[in-house]
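Accompanying notes for the structure given below.
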Amino acid sequence: MANRLFVTGDTHGDYDIGKLSADRFDSRKLDKGDYLIVAGDFGLVFHPVQSTGREEYWLRWLAQKPFTTLFVDGNHENFDRLDEMPVEMWRGGRVHRINDSVLHLMRGEAFDIAGRKVFCMGGARSHDIEFRTEGESWWPQEMPDAEDRAHAWETLDAMAWKADLVITHCAPANFQHALRADYGNDEMTRFLFDVERKLEYDRWFFGHYHEDKEIGERARAIYDDVVEVLTDGSVKKVSRPKKRLRPLKRV
């Protein structure tokens, strides 16, 4: 079955990738023409120098899945490594190809994916910088700069400000306020607020906040869930909950 589209939240390298395991996300009937989008903090291009054996293992694991994995960047990515990768065009927008089945959807780009027009804008501000080291576990490019934002605006102009699906990492300021997230607004959340007020869209997904919660009728914070975006624009949760260990019986 091709042209199915799924969205999930942050995978953080292998830390939260279990949501894509076979016991939680049944992908047996999918093929490479079906797509799963990670809404930032992908985290499998993270080691400062080069991919580690652990990263390579999980990238191969994803490549062996029947679907194609796509991701927007979050704040916990190695932007030095991403920025060194060659850029290519894929389905109307710029990407970094991590391997044949894993692609980074670059900032401010629009793509034709599974019959949907998808606008993507990664990036966010970290709130744990004091615990991280620049160039090893944190990179200043996490925050889109004025050039990134201008490019996104130009893309939206070319789209006539109409999209079927929007994928970002952080949320527009109004969504963040609705979450009651103690993150504070910045130039990125305010920029996305301006975009959200002007853009005609069907659904907006964002990661970053480690919550699974609907915001109004069209927006969703996503983290642990995997959802399918159906052709009519509706959303269906398809992932199973985490297995819980049964308490030991007294003997």
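Points worth noting:
- The numbered conditions (1) outside any strand (DSSP E or B); (2) touching a residue at least 60 places away in the same chain (Cβ under 8 Å) are all true for D182 except (2).
- Boolean, Y223 is open to solvent by 60 Å² or more (accessible area, probe 1.4 Å) and either touching a Phe, Trp or Tyr at 6+ places or on another chain (Cβ under 6 Å) or in a loop (DSSP other than H, G, I, E, B) (or both): no
- Residues of the range 104-127 that turn out to be open to solvent by 40 Å² or more (accessible area, probe 1.4 Å) and either within 28 Å of D182 (Cβ to Cβ) or of a type in the set (G, A, S) (or both), as a count: 3
- Residue identified as at pLDDT 95 or above, in contact with a strand residue (DSSP E or B) (Cβ under 7 Å, 6 or more places away or on another chain) and either more than 30 Å from N185 (Cβ to Cβ) or loosely packed, with under 10 Cβ neighbours inside 10 Å (or both) among V229, V238: V238
- Checking each residue in the range 116-147 for being of a type in the set (A, V, I, L, M, F, W, C) and in contact with a Pro (Cβ under 8 Å, 6 or more places away or on another chain) picks out only M121.
- Count - residues of the range 89-103 that are under 14 Å from V45 (Cα atoms) and either in contact (Cβ under 8 Å) with a residue 60 or more places away in the chain or open to solvent by 60 Å² or more (accessible area, probe 1.4 Å) (or both): 1
- Identity of the residue in the range 99-144, modelled with pLDDT under 95 and in a strand (DSSP E or B), that ends up nearest to the chain's Cα centre (by Cα): W138
- From D148, D186, residue being among the acidic types (D, E) and more than 17 Å from G207 (Cβ to Cβ): D148
- Selection count, the range 59-85, where residues are farther than 19 Å from C170 by Cα, open to solvent by less than 10 Å² (accessible area, probe 1.4 Å) and part of a loop (DSSP other than H, G, I, E, B): 1
- Contact map, the range 121-136: first residue over 18 Å from D80 (Cβ atoms), second residue open to solvent by less than 10 Å² (accessible area, probe 1.4 Å), Cβ cut-off under 6 Å, separation 6 or more or different chains; pairs are M121/G108; M121/A152; M121/T168.
- The single condition among (1) open to solvent by less than 40 Å² (accessible area, probe 1.4 Å); (2) modelled with pLDDT of 95 or more that E200 does not meet is (1).
- Positions within the range 1-50 being without any contact (Cβ under 8 Å) to a residue 12 or more places away in the chain and hydroxyl-bearing (S, T, Y), in sequence order: S21
- Assessment of the range 51-58 against the conditions (open to solvent by less than 50 Å² (accessible area, probe 1.4 Å), of a type in the set (D, E) and within 27 Å of K237 (Cβ to Cβ)) yields no matching residue.
- Complete set of residues in the range 1-23 that are part of a loop (DSSP other than H, G, I, E, B), of a type outside the set (S, T, Y) and open to solvent by less than 20 Å² (accessible area, probe 1.4 Å): G9, D10, G13, D16
- The range 53-75 residues that are within 14 Å of I98 (Cβ to Cβ), paired with ones that are open to solvent by 40 Å² or more (accessible area, probe 1.4 Å) and in a loop (DSSP other than H, G, I, E, B) (beta carbon under 6 Å, 6 or more apart): W58/D14; T68/K32
The values are calculated or read from the model by the stated rules, or taken from the named source; none is laboratory data. Bear in mind the structure is a predicted one, so any value in this text is a computation, not a measurement. Because the Cβ atoms are built from the backbone with ideal geometry, glycine has one as well, and the counts that use them run over all protein chains shown. Accessible surface areas use protein heavy atoms only, side chains included; no ligands, DNA or RNA. Shrake-Rupley method; radii C 1.70, N 1.55, O 1.52, S 1.80 Å.
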